[in-house]
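Here is the structure we will look at.
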Amino acid sequence: MNAPTRARPFGLTAATALLGLLTLSRGSGSGAKPEPAPSRADAERGYASAYEAGWRTGRRLFADGGKGAAVREVVWGGCVRRSLTAEPRDVVETDRGAWVRGCEQAVQSGTEPHPPVRPVTRRESDPGLLARFRTWAAAHGGEQPAQEVRRVVLVHLGDRDYDVELTTTCTGRSAQADAKRLAGTFATWWDGDDGDDSTAWNLILLGPDGKRLTTRNL
């Protein structure tokens, strides 16, 4: 049975109107302004949250290890090393130095929280260090892995503690193995060269995309 002749235009008109509304709705989303960048207040909450997370971890370590925890976590760098795997990562990585400060303060008996008033972590590119490493590697059979380093950054986690971060060209299936070989070459060259008033704890190797490939103690 055919529909009445008057019903057809009405149904077509309603469908067309509905399609128009959907098109307008989708179009308005595509033209929306991007979300604003994080404010200064957001950044401050970031390092404050990282400190608080480190403090909570430190208190647990003190409860489990007593006074010995202070030596293990501060003098021997336990908190710094833990910061590489501490959770939640999104909080810790906001300011890893602030996390370390909270952890180190909390493992000491009778200590009250003293949160930072500004970001703690400071990143410093060191092209001179890269040049010296390549020169040494070329003379000691490590030229090939050394050429995979594109950038050296010192990641200062406070007044004394820092990590060495290498951005590499390691990619593909062999990225992990190549990064580990490079880490071994760099660590052999480094050999405890920490400077007069600071200590390097970790060597961190990144791929070209900035993702962590491997870490090693220094």
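The values are calculated or read from the model by the stated rules, or taken from the named source; none is laboratory data. Only a predicted model underlies this, so the values are computations on that prediction, with no experimental measurement involved. Please note: Cβ atoms are built from the backbone with ideal geometry, for glycine as well, and neighbour counts cover all protein chains shown. Keep in mind that these areas ignore ligands, DNA and RNA; they rest on the heavy atoms of the full protein, side chains included. Shrake-Rupley method; radii C 1.70, N 1.55, O 1.52, S 1.80 Å.
Things worth noting here:
- Protein heavy-atom surface of the range 49-101, 1.4 angstrom probe: 55% of the accessible area is carbon and sulfur, with nucleic acids and ligands not counted.
- Rounded percent of accessible protein surface that carbon and sulfur make up, the range 120-172, 1.4 Å probe: 47 percent
- On a per residue basis, the range 143-189 carries 47 Å² of accessible surface, using protein heavy atoms and a 1.4 Å probe.
- By average C-beta atoms within 10 angstrom, highest first, the peptides 45-51, 147-153, 120-126, 108-114: 45-51, 147-153, 120-126, 108-114
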